[in-house]
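First up is the structure itself, then whatever we jot down about it.
The values are calculated or read from the model by the stated rules, or taken from the named source; none is laboratory data. On a predicted model such as this, the values are computed, not experimentally measured, just so you know. Reconstructed Cβ throughout: ideal geometry from the backbone, glycine too, with neighbour counts over all protein chains shown. All accessible areas refer to the heavy atoms of the entire protein, side chains included, with ligands and DNA or RNA removed. Shrake-Rupley method; radii C 1.70, N 1.55, O 1.52, S 1.80 Å.
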Amino acid sequence: MKNNIAMIGLAVMGENLAMNIESKGFSVSVYDIDSNRVTDFISTRGKNKNILATYSLEELVKSLEKPRKIMMMIRAGDPIDQVIKNLLPYLDENDIIIDGGNSNYLDTIRRSKMLMEKNIQFVGAGVSGGEEGALNGPSIMPGGPASAINHILPIFKAISADVNGDKCSEWMSTDGSGHFIKMVHNGIEYGDMQLITETYNIMKDILKIDFDEMSEIFNSWNNGKLNSYLVEITSNILKFKDQDNLPLVTKILDKAGQKGTGKWTAISSLEENVPLTLITEAVYARIISSKKEERVRANEFYGNLEIKSSVNKDEFIKHLENALYVAKIISYAQGFDLIKEASKTHNWDFNYSNIAKIWRGGCIIRSGFLNNIMDAYNNNPSLENLLMDAYFVNEIKERINSFRIVLSEAILNGIPTPTLSSALSYFDSYTKSLLPTGLIQAQRDYFGAHTYERLDKKDGEFFHTNWTGRGGTTKSTTYNK
Ligand code: 6PG
């Protein structure tokens with residue numbers, strides 16, 4: 001009897017996914033470059049299960065039914081190329097390799113092309129949910145050739161999280177699409193985390209609320225519009241005490257780490273011409289945080305503002321909840337905008353409602369409000385921007401004033417609000433039918449004869465003015481827009 005699927009890489013994610021897959025009735029062959037890991041696994045958690053330990057890639061491949069399905073849960077980057085190269089001599093046409101790590105989608109596009117030429121099917125699958133999700137039900141975002149769907153999706157659906165009977169795995173589109181969607185998921189995760197952190201900072205420094213009460217406030221928000229995994233864990237973190245009974249969070253060094261997916265999201269937004277301001281600010285916020293020693297030196301020059309605030313606490317907490325919610329809507333609108341633009345560049349055919357659907361469970365950004373995003377795209381699959389969906393228009397209109405009140409108070413008191421501020425600035429730009437940008441065009445024309453269009457003439461007609469009386473009258477031919 002041949003096995004259904006293979007797992008390469010028995011670090012915690014690979015092990016837990018293998019256990020999850022086996023528990024859903026599939027037989028699994030496992031392999032790790034470190035043979036001790038294989039032996040440890042098969043003699044402990046993997047014992048008496050439908051799991052076969054193998055000690056070479058050849059043995060692994062031979063143990064599988066065709067077309068072979070081989071999933072890698074290993075470190076992104078070179079190791080992926082290495083394992084693919086080492087697997088190839090043993091594979092047959094139509095076999096399927098799945099990369100379940102946090103690979104860069106551009107690498108996945110490259111690998112898909114290379115493997116397609118060899119008639120090997122390559123699936124880039126984003127997997128979210130950490131160790132616990134891998135074992136009990138992650139959100140899985142696979143992308144690759146349509147011919148692989150029927151072989152892979154039933155397994156991913158079987159092992160993924162369940163939200164009211166909907167499984168948290170759907171086929172995204174071709175080549176790097178699954179890893180792209182996972183990357184945007186991570187970018188949104190960065191944004192959500194930074195937004196929550198700014199809100200906590202405002203609560204702590206302006207309202208001077210103690211940690212147990214802040215925990216309660218986040219807990220109550222988790223029962224409302226802000227219901228989400230990240231708000232829930234924030235509430236748990238804030239009430240968690242160190243051995244001396246002080247909140248542990250106050251002892252944790254204020255330098256954020258990052259592995260790169262947030263940065264990739266920001267980079268791709270520049271390439272796609274999408275103003276992904278909130279997520280990008282969240283990446284910069286982590287970078288600024290990491291420069292602790294420099295910040296300490298800069299603080300010696302400027303010190304801290306004395307907090308002078310006389311806001312009504314209960315009212316302000318309500319404003320804060322509204323501000324966080326509106327900023328979150330704006331962040332997801334930007335994220336989906338990036339997905340839409342990238343889909344044009346890479347010829348990916350996305351079902352936006354499905355993306356929101358599979359993010360509702362299993363993954364780090366899971367939240368109640370993804371139901372509303374799912375509805376928005378169900379109502380209008382070609383929605384231009386979430387900010388133009390009727391439901392979200394109302395939600396924002398009811399709360400935007402709270403957002404302005406919160407930001408004014410934070411700015412007056414010197415509380416950093418990179419993501420909250422960028423969200424409101426984006427909103428105020430995006431919803432203006434007339435921006436002051438005519439001045440930029442005038443400046444470009446003034447110093448470089450770059451020409452401009454006029455509001456009172458038709459689009460595409462370009463004008464140049466001799467602003468100083470000294471310049472020539474010829475238009476720039478190199479720059480037209
Ligand atoms: C997930 C997470 C995960 C990511 C971590 C760490 O969806 O399960 O996004 O894939 O690796 O959250 O990311 P940073 O170290 O960059 O914060």
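For this structure, a couple of remarks:
- Just one of the listed residues (VAL283, VAL249, VAL311) is open to solvent by less than 60 Å² (accessible area, probe 1.4 Å) and under 24 Å from GLU395 (Cβ atoms), namely VAL311.
- Enumeration of residues in segment 331-370 that are out of contact with any helix residue (DSSP H, G or I) (no Cβ under 8 Å at 6 or more places or on another chain) and more than 17 Å from SER177 (Cα to Cα): GLY361, GLY368
- Residues that are touching a residue at least 12 places away in the same chain (Cβ under 8 Å), open to solvent by 20 Å² or more (accessible area, probe 1.4 Å), of a type in the set (Val, Ile, Thr) and not in a helix (DSSP H, G or I) do occur in segment 363-371, at least one of them.
- Pairs where the first residue, in segment 24-47, is open to solvent by less than 10 Å² (accessible area, probe 1.4 Å) and the second is at pLDDT 95 or above and acidic (Asp, Glu), C-beta under 7 Å, 6+ apart: VAL28/GLU22; VAL38/ASP32; PHE41/GLU15
- Some residue of segment 111-122 being within 19 Å of LEU60 (Cα to Cα), open to solvent by less than 70 Å² (accessible area, probe 1.4 Å) and not in a loop (DSSP other than H, G, I, E, B): yes
- Residues within segment 147-197 that are within 16 Å of the ligand (Cβ to nearest atom) and assigned to a helix (DSSP H, G or I), tallied: 22
- Helices (runs of 4 or more DSSP H) wholly inside segment 243-318 containing at least 1 residues that are within 15 Å of the ligand (Cβ to nearest atom), among the hydrophobic types (A, V, I, L, M, F, W, C) and within 27 Å of ALA333 (Cβ to Cβ): 261-271, 277-290
Matching residues to (1) under 23 Å from ARG75 (Cα atoms); (2) without any contact (Cβ under 8 Å) to a residue 40 or more places away in the chain; (3) of a type in the set (A, V, I, L, M, F, W, C):
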position	(1), (2), (3)
ASP92	no, yes, no
ILE96	yes, no, yes
SER103	yes, no, no
ARG111	yes, yes, no
LEU115	yes, yes, yes
ILE120	yes, yes, yes
MET141	yes, no, yes
SER147	no, no, no
PHE156	yes, yes, yes
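- Some residue of segment 90-106 being aromatic (Phe, Trp, Tyr) and open to solvent by 30 Å² or more (accessible area, probe 1.4 Å): yes
- Positions within segment 325-361 being open to solvent by less than 10 Å² (accessible area, probe 1.4 Å), assigned to a helix (DSSP H, G or I) and not small (Gly, Ala, Ser), in sequence order: TYR325, VAL326, ILE329, ILE330, TYR332, GLN334, PHE336, LEU338, ILE339, ILE355, ILE358
- Matching residues, segment 201-231, being open to solvent by 40 Å² or more (accessible area, probe 1.4 Å) and away from the ligand (no atom under 16 Å from the Cβ): LYS204, ASP205, LYS208, ASP210, ASP212, GLU213, GLU216, ASN219, SER220, ASN223, LYS225, ASN227
- Residue within segment 64-81 that is within 23 Å of ALA161 (Cβ to Cβ), buried (at least 20 other Cβ atoms within 10 Å of the Cβ) and in contact with a Phe, Trp or Tyr (Cβ under 9 Å, 6 or more places away or on another chain) present: no
- On inspection, LYS397 passes the criterion of being exposed (fewer than 14 other Cβ atoms within 10 Å of the Cβ) and outside any loop (DSSP other than H, G, I, E, B).
- Of all residues in segment 293-310, none that is within 24 Å of SER408 (Cα to Cα) has its Cβ atom under 7 Å from the Cβ atom of a residue that is hydroxyl-bearing (Ser, Thr, Tyr) and assigned to a helix (DSSP H, G or I), 6 or more apart or on another chain.
- The residues of segment 415-437 that are open to solvent by 50 Å² or more (accessible area, probe 1.4 Å) and not polar (S, T, N, Q), listed by number, are PRO416, TYR430, LYS432, LEU434, LEU435, PRO436.
- Sub-9 Å Cβ pairs linking a first residue in segment 197-220 that is over 18 Å from LYS308 (Cα atoms) and without any contact (Cβ under 8 Å) to a residue 24 or more places away in the chain to a second residue that is of a type in the set (Asp, Glu) and open to solvent by less than 10 Å² (accessible area, probe 1.4 Å), at least 6 apart or interchain, number zero.
- Test result for THR277, farther than 15 Å from MET193 by Cβ, buried (at least 21 other Cβ atoms within 10 Å of the Cβ) and touching a residue at least 40 places away in the same chain (Cβ under 8 Å): yes
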